[in-house]
1. Filter segment 269-302 down to residues that are among the hydrophobic types (A, V, I, L, M, F, W, C) and touching a residue at least 40 places away in the same chain (Cβ under 8 Å) and give me whichever is farthest from A66 (Cα to Cα).
2. Quick one: which strands (runs of 3 or more DSSP E) lie wholly within segment 1-118 and hold at least 1 residues that are more than 14 Å from the ligand (Cβ to nearest atom), at pLDDT 95 or above and crowded, with 17+ Cβ neighbours inside 10 Å?
3. Using the structure shown, decide if G278 is more than 11 Å from the ligand (Cβ to nearest atom) and either in a loop (DSSP other than H, G, I, E, B) or open to solvent by 20 Å² or more (accessible area, probe 1.4 Å) (or both).
4. Out of the residues in segment 123-145 meeting the condition of being in contact with a strand residue (DSSP E or B) (Cβ under 9 Å, 6 or more places away or on another chain) and open to solvent by 40 Å² or more (accessible area, probe 1.4 Å), tell me which one is farthest from G83 (Cα to Cα).
5. Give the residues of segment 107-122 that are closer than 25 Å to R15 by Cβ and in contact with a strand residue (DSSP E or B) (Cβ under 6 Å, 6 or more places away or on another chain), sorted by residue number.
6. Based on this model, can you work out whether E293 counts as acidic (D, E), more than 18 Å from the chain's Cα centre (by Cα) and over 20 Å from A152 (Cα atoms)?
7. Quick test of your reading of the structure: E139 fulfils all but one of (1) among the acidic types (D, E); (2) under 16 Å from I225 (Cβ atoms); (3) in a helix (DSSP H, G or I). Name the failing condition by number.
8. If you go through segment 142-159, how many residues are more than 29 Å from N275 (Cβ to Cβ) and not in a loop (DSSP other than H, G, I, E, B)?
Amino acid sequence: MPIVNSIADLRELARRRIPRAIFEYADHGAYDEVTLQRNRRDLEALTFRQRVMVDVSSQSMTTTLAGEQATMPLAIGPTGLTGLFHANGEMLGARAAEAFGIPFCLSTMSICSIEDVRSAIKGPFWFQLYLMRDRSFNEELVARARDAQCSALMLTVDMPIQGLRRRDPKNGLAIPPRLTLKNALDIASKPTWALKVLFGKRRTFGNLEQRMKNTGGLTTLSQWIAAQFDPTVTWREIEWLRSRWPGKLIIKGVLDAEDARLASAAGVDAIVVSNHGGRQLDGGPSTIFVLPEVVDAVAGRTEVLFDGGVQSGQDILKALALGARGCLIGKAFLYSLAAMGEEGVTRALQILREELRISLALTGTNDVRSVSRDVLR
Ligand SMILES: Cc1cc2nc3c(=O)[nH]c(=O)nc-3n(C[C@H](O)[C@H](O)[C@H](O)COP(=O)(O)O)c2cc1C
């Protein structure tokens, strides 16, 4: 086993261990991937201030995220199809997060169902919701999340329609995954994946299975999304959701100060500054670029979380410096899961925590809750 000490190492292992269609589904973004690249480039462009002669013998990394205790300012974000990256992927991800003491958010478009994840862990988890044209389906999902004692609902608002990810149709991404003439060689070179996922028990959307039967099954993922997701959603729907969900409500996909003000006025508990990891509006800004204006716009009234391009503890510290309470990871989670299952996710979390701890110390800071713009030049 090679030494694995960065998210890049886990990405490389993932690339070798899972079929190309699935790796590229995670690794790539919408259209020309301008926004995907901006997420990384703008994070990299920020420069820390190195501070010296400060007592940095211990660092505190505990905080709260949407009111919940977390051992570091990080949560695992919702990602669709996670169970195709590793058998039972969502259950393993939730387990690793629970053992580590950080929140795990399950996607509507997951392979393992809400009930599967409930059975895998003891504590609460978060559930991410997309609003569908048929609201009775959302009512069902919200009721299932409530029955599973989910502690927060995360409403994703940046996908009224789907941005085109060019690789997916070219790679013939199919759910459930299929062995075809075109991918046979590729799949033959990933026998462990094939044995556990291709011929495994959970291979399609766990939360939607029944629904898909009723709506004529899956043509392609993007066609199903176009037919089912509701493009008419406005801020009024927050009230509708509030009347059905008494718990914490997080809005994910805000990328503009004006929208942040509207979300705050709608009374949500937290917002996630997100561009869906560069998978939706290509040509839009990076998330780190808009983070300060969103933080200024909500002026402390609403908690601000951040995602997009987070691949290291240094990235987490930069987001905290610009006002985020904590970060979510998407791709870094999927790479680590595909690379080594639950152990891989634990490894990724250890790497991120250690990088964050050391970066805090070298910027002369000892508590994640007191990080400010002062740590940046
Ligand atoms: C493969 C993949 C699937 C995703 N699926 C969902 C989803 O079902 N729901 C959602 O709200 N966000 C989804 N996202 C977006 C992530 O929650 C998150 O916003 C994004 O990945 C953060 O950027 P990063 O990948 O650079 O960490 C997905 C992201 C990826 C990479």
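1. Residues of segment 269-302 that are among the hydrophobic types (A, V, I, L, M, F, W, C), as a first pass: 270-273, 281, 288-291, 294-295, 297-299.
Those still in the list that are touching a residue at least 40 places away in the same chain (Cβ under 8 Å) too: 270, 272-273, 281, 288-289, 294, 297.
Working: A270: 6, V272: 11, V273: 14, L281: 26, I288: 20, F289: 23, V294: 17, A297: 18 Å.
Among them, the one singled out is L281.
2. Ranges flagged: 63-65, 68-70.
3. The answer is no for G278.
4. Within segment 123-145, the subset in contact with a strand residue (DSSP E or B) (Cβ under 9 Å, 6 or more places away or on another chain) is 124-133, 138, 141-142, 144-145.
Subsequent filtering for residues that are open to solvent by 40 Å² or more (accessible area, probe 1.4 Å) retains 124, 133, 144.
On the way: P124: 20, R133: 26, R144: 19 Å.
Out of the qualifying residues, it is R133.
5. Passing the criteria: only S107.
6. Yes; evaluated as a whole, the condition is true for this residue.
7. Of everything listed in (1) among the acidic types (D, E); (2) under 16 Å from I225 (Cβ atoms); (3) in a helix (DSSP H, G or I), E139 misses just condition (2).
8. 3
The values are calculated or read from the model by the stated rules, or taken from the named source; none is laboratory data. Worth saying up front: this structure is predicted, and the values here are computed from it rather than measured. Here Cβ is always computed from backbone atoms with ideal geometry, including for glycine, and neighbour counts include all displayed protein chains. The accessibility values were calculated without ligands, DNA or RNA, using every heavy atom of the protein model including side chains. Shrake-Rupley method; radii C 1.70, N 1.55, O 1.52, S 1.80 Å.
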